[in-house]
Amino acid sequence: MCFNFMMPSAMADILDIWAVDSQIASDGSVSVGFPLPTGIYIQLDVPREATISYIKQMLWKLCDVRPFLPVLKLVTKDPEVNEFRRKCVNSQTYPPEHEPSLIVAVHFENSQDVFSFQVSPDMNPIKINELAIQKRLTVHGREDEASPYDYVLQVSGRVEYVFGDHPLIQFQYIRNCVMNRTLPHFILVECCKIKKMYEQEMIAIEAAISRNSSNPPLPLPPKKTRVISHVWDNNNPFQIVLVKGNKLNTEETVKAHVRAGLFHGTELLCKAIVSSETSGKNDHIWNEPLEFDINICDLPRMARLCFAVYAVLDKVKTKKSTKAINPSKYQTIRKAGKVHYPVAWVNTMVFDFKGQLRSGDVILHSWSSFPESVNPMGTFRQPYTENATALHIKFPENKKHPYYYPPFDKIIEKAAEIASSDSANVSSRGGKKFLAVLKEILDRDPLSQLCENEMDLIWTLRQDCRENFPQSLPKLLLSIKWNKLEDVAQLQALLQIWPKLPPREALELLDFNYPDQYVREYAVSCLRQMSDEELSQYLLQLVQVLKYEPFLDCALSRFLLERALANRRIGQFLFWHLRSEVHIPAVSVQFGVILEAYCRGSVGHMKVLSKQVEALNKLKTLNSLIKLNAMKLNRAKGKEAMHTCLKQNAYREALSDLQSPLNPCVILSELYVEKCKYMDSKMKPLWLVYSNKVFGEDSVGVIFKNGDDLRQDMLTLQMLRLMDLLWKEAGLDLRMLPYGCLATGDRSGLIEVVSTSETIADIQLNSSNVAAAAAFNKDALLNWLKEYNSGDDLDRAIEEFTLSCAGYCVASYVLGIGDRHSDNIMVKKTGQLFHIDFGHILGNFKSKFGIKRERVPFILTYDFIHVIQQGKTGNTEKFGRFRQCCEDAYLILRRHGNLFITLFALMLTAGLPELTSVKDIQYLKDSLALGKSEEEALKQFKQKFDEALRESWTTKVNWMAHTVRKDYRS
């Protein structure tokens, strides 16, 4: 419990506050209210002369006996009160919990002058400027007149500035320095230089946004009068002709057939069609019309045709399977004594990017190795390989009178026509009973399936949804009949008056289930409310859902480019998120043209990005050389060869003075070659250390990995950052340390090194002479903290450990993080615990010979508890507080459960090995107990907490085995 009092100048001032007789009781005491962090409000009578220490003691005693009178529990269902409280908490995200003073160092640009002085944490940056200028005048005598307003404070070694009328303690850099007990270092830079940089950047941004073609457009040919028809006027059934298939690469005796389905998102618009079976070696000819049970007028704008090609084998011949088929790899269909193996799949849009209904002959090159039937979530772009299976299909010819999907004004006209008709005058309002049922349906998590009756109810009460439950829009979109033009028109009209959703809720509308163009435009309009910082938080998902966009020019790609061109930080991460996957054939064209658009629009940023690309190419080459020589050279000679390479001019130039891809605010100045090394793991990651030329900046460590896919680590660390943000919004700082991680290419990327930290395994090994006994030494961790901390610093380190341990216990349970051996958990010398290496998530725990090696829901060993209890076995108060932190943190995450499910769902297209289907996300729903009440969910978590304690001995056994293997290898 912490109290922040503004200290009066004298005792007389304190007594003057209580000078009004009505406020003083007959015994000289004063009634004072104290809000506790738990939401409890205590009214306490204290002597008028009471000290803060005396009041704290009284409150602690009251907390121990859990008072019930006179107590007012500040819990209310009034949304206005809750909103006011939330805003109050948010306004103090970083509460002024600080020392009475701190020391800062200021360096003058282009000068050797460095001044350190003591300042108040409440002082604003202008006052720091003034103090620095005065100190310089005192040392050097009178120089040219200088105003503190002519300068701005730059964080040393970073492209980051501290300015404005805000207390120093509210700046994140200062907060980090205070928490890490490091000295803040600044450079005093002239404002005119910053202004010049800003003006140049703004000119570049404006030029990019308003750029016109350098060449005047060619004159348009005279328009030919052409009749344009709308598909809503065509009531004929939709049909295509399946002409033939090429390069199926099957034996002549093997038959093949095609399965075709019309989809809108994951919804099948009508019954799928299966062609007849034909024989052939490479070519199979059908010339067969496929008529779908849907009229052309009812086709939605984003309808897609999905095909799957099957090879049909007799069961007795499956052992002699064709050369193109590996039966064990695929899900098969068994029918009439035959086995149907999927050979290839391909998708195509029914309307092109101009909204024109496809017509004529089309050759579709297919994708192989998909272990399902049709794949509606797959790309509609085609592979480049000449050896790909190809389907020749024919759409109805309509070149003379092409059919287009109706423009927006026609859609609204149709909706108005329907609304004015007699059949639409039926009331779409529900009574209290129906509204209660509706609310229960809408409160379900995004993974919950709706039955037919529930969808009908939601659609019928759509006006109630708009007015009372605007967050119900995703479920309304799942309830509409997309194969009925009347419903689609009414939805588009309703969408125009639908209230804007908060950005976090609007993210769900970018999922694959919602392909409609106007829905996605609405979602993007909601995202425009995001600040740049919030947009950066979700940029990983926004890049992934670009894969769901069938056309290059869409609202989402335009939005991302606009924000990236206006903010280089967003631009840098957009660049790397796109570039890291541009090698994937399914997205190479789409991501390539967006990258091109950004590079053309941000010419000034290209120099920075090009240098980063060059540096990473050099590191990739170096890593390949090390892998090549690792078997030939011992470690010492390998390290020497690495240093020799890094000292070459080409490497020095490429790897010096570049902005870190992990954080554009950090400048990687100069390699400290002697401290660079490569690590022992299979891929030989490079451990690089930069020593900055800029005054006062500590060394910066970066790990370069080549051969490992870092995207799953990126996703997990993003979730940890989000959890940290949500906890802080609720007033709970659990001292999380989600370090930087960035995929930069095909199975390559960078990881931030957390300084002054060691793994649990190393801490335990260094404290024991026998590797097998190291994991069972419960004093090792506490003794290690005592080695680097004493007195108040030790108390603070234990507090850091307690809070961070609580955060990672809850986070690892909710996310189902596996492979938690003692080399994947680290501790900083300041006490912060953090986890690394997230190769197994969503409950994919490691096993051997069919036996689960990890049996606990999260890691909570007795040496952790020993630290939390300050080495005192009976310190139940400290452990009880730790447990309460875990429970509070869990409930906070649970209240945002839908957000976590949405973010993981948006990553399904990323191709991560442990996130391939909605079934994988079910783990999140179970760990957060989203189908239960809060009381039931808390009970479940308490059971998991007890289980983690009870089974912690199994963790120790696993750690022992890991430590012994590690000691043997070294």
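The values are calculated or read from the model by the stated rules, or taken from the named source; none is laboratory data. Note that the structure is a prediction, hence the values are computed from the model and not measured. Neighbour counts run over all protein chains shown; Cβ positions are idealised from the backbone, glycine included.
Quick check on segment 499-518: of everything there that is free of Cβ contacts under 8 Å to residues at least 60 places away in the same chain and surrounded by 19 or more Cβ atoms within 10 Å (Cβ to Cβ), which residue is farthest from HIS264 (Cα to Cα)? Ranking the candidates gives LEU501 first.
Of everything in segment 776-791, what is over 10 Å from ASN766 (Cβ atoms) and either small (Gly, Ala, Ser) or not assigned by TED's automatic domain parsing to the domain that holds PHE864 (or both)? Give them in sequence order. Matches in segment 776-791: SER790, GLY791.
Which of the residues spanning segment 925-970 are of a type in the set (Gly, Ala, Ser) and more than 32 Å from the chain's Cα centre (by Cα)? Please lay out each step first, then the result.
As a first pass, look at segment 925-970 and keep what is of a type in the set (Gly, Ala, Ser): 927, 929, 931, 933, 937, 948, 952, 961, 970.
Listed by number, the residues that qualify are ALA961, SER970.
Within segment 669-684, the residues that satisfy the criterion of being in contact (Cβ under 8 Å) with a residue 24 or more places away in the chain and not in a helix (DSSP H, G or I) are SER669, LEU671, TYR672, CYS676, LYS677, TYR678, MET679, ASP680, LYS682, MET683, LYS684. Are any of the residues in segment 461-480 farther than 30 Å from LYS919 by Cβ, free of Cβ contacts under 8 Å to residues at least 12 places away in the same chain and not assigned by TED's automatic domain parsing to the domain that holds ALA929? Within segment 461-480, one or more residues are farther than 30 Å from LYS919 by Cβ, free of Cβ contacts under 8 Å to residues at least 12 places away in the same chain and not assigned by TED's automatic domain parsing to the domain that holds ALA929. Would you confirm, using the coordinates I've provided, whether ALA650 is in a helix (DSSP H, G or I), touching a residue at least 24 places away in the same chain (Cβ under 8 Å) and either acidic (Asp, Glu) or surrounded by fewer than 19 Cβ atoms within 10 Å (Cβ to Cβ) (or both)? Answer is yes for this residue.
For (1) surrounded by fewer than 19 Cβ atoms within 10 Å (Cβ to Cβ); (2) among the basic types (Lys, Arg); (3) over 30 Å from ASP113 (Cα atoms), each residue gets a yes or a no:
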position: MET679; (1), (2), (3): yes, no, yes
position: LYS684; (1), (2), (3): no, yes, yes
position: LEU688; (1), (2), (3): no, no, yes
position: ASN692; (1), (2), (3): no, no, no
position: GLY707; (1), (2), (3): yes, no, yes
position: ASP713; (1), (2), (3): no, no, yes
position: LEU717; (1), (2), (3): no, no, yes
position: ARG721; (1), (2), (3): yes, yes, yes
position: LEU725; (1), (2), (3): yes, no, yes
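Among all residues of segment 570-588, there is at least one that is part of a helix (DSSP H, G or I) and more than 16 Å from LEU742 (Cβ to Cβ).
Since ASN617 meets every condition but one in (1) more than 22 Å from the chain's Cα centre (by Cα); (2) modelled with pLDDT of 95 or more; (3) crowded, with 17+ Cβ neighbours inside 10 Å; (4) within 27 Å of LEU715 (Cα to Cα), which condition does it not meet? For ASN617, the failing item is (3). Applying the criterion of being touching a helix residue (DSSP H, G or I) at 6+ places or on another chain (Cβ under 7 Å) and surrounded by 16 or more Cβ atoms within 10 Å (Cβ to Cβ) to the residues of segment 932-953, the residue that is nearest to ASP863 (Cα to Cα) is SER952. Quick test for you: out of VAL608, VAL666, pick the one residue that is closer than 22 Å to CYS741 by Cβ, outside any helix (DSSP H, G or I) and touching a strand residue (DSSP E or B) at 6+ places or on another chain (Cβ under 7 Å). Unique residue meeting the criteria: VAL666.
LYS414: assigned by TED's automatic domain parsing to the domain that holds TYR518, modelled with pLDDT of 90 or more and charged (D, E, K, R), yes or no?
Numbers: assigned by TED's automatic domain parsing to the domain that holds TYR518: yes; modelled with pLDDT of 90 or more: yes; charged (D, E, K, R): yes.
The answer is yes for LYS414.
Scanning segment 364-416 for residues that are over 25 Å from CYS270 (Cβ atoms), touching a residue at least 24 places away in the same chain (Cβ under 8 Å) and either aromatic (Phe, Trp, Tyr) or not in a loop (DSSP other than H, G, I, E, B) (or both) yields HIS365, SER368, TYR384, ALA390, PHE408, ILE412, ALA416. At pLDDT 90 or above and either buried (at least 16 other Cβ atoms within 10 Å of the Cβ) or over 37 Å from the mean Cα position of the chain (by Cα) (or both) - does that describe any residue in segment 381-388? No: segment 381-388 contains no residue that is at pLDDT 90 or above and either buried (at least 16 other Cβ atoms within 10 Å of the Cβ) or over 37 Å from the mean Cα position of the chain (by Cα) (or both). When segment 886-912 is filtered for residues that are over 30 Å from LEU510 (Cβ atoms) and surrounded by 21 or more Cβ atoms within 10 Å (Cβ to Cβ), only CYS886 remains. Can you tell me which residues in segment 746-767 are among the hydroxyl-bearing types (Ser, Thr, Tyr) and either within 21 Å of GLN832 (Cβ to Cβ) or surrounded by fewer than 16 Cβ atoms within 10 Å (Cβ to Cβ) (or both)? Answer for segment 746-767, where residues must be among the hydroxyl-bearing types (Ser, Thr, Tyr) and either within 21 Å of GLN832 (Cβ to Cβ) or surrounded by fewer than 16 Cβ atoms within 10 Å (Cβ to Cβ) (or both): SER755, THR756, SER757, THR759, SER767. Restricted to segment 229-316, the set of strands (runs of 3 or more DSSP E) holding at least 2 residues that are at pLDDT below 90 and surrounded by 22 or more Cβ atoms within 10 Å (Cβ to Cβ) comprises 304-314.
Inside segment 134-153, can you point out the residues that are without any contact (Cβ under 8 Å) to a residue 40 or more places away in the chain and either outside any loop (DSSP other than H, G, I, E, B) or touching a Phe, Trp or Tyr at 6+ places or on another chain (Cβ under 9 Å) (or both)?
GLN134, LYS135, ARG136, LEU137, THR138, VAL139, HIS140, PRO148
Against the list (1) surrounded by 18 or more Cβ atoms within 10 Å (Cβ to Cβ); (2) under 22 Å from ARG301 (Cα atoms), the condition LEU552 fails is (1).
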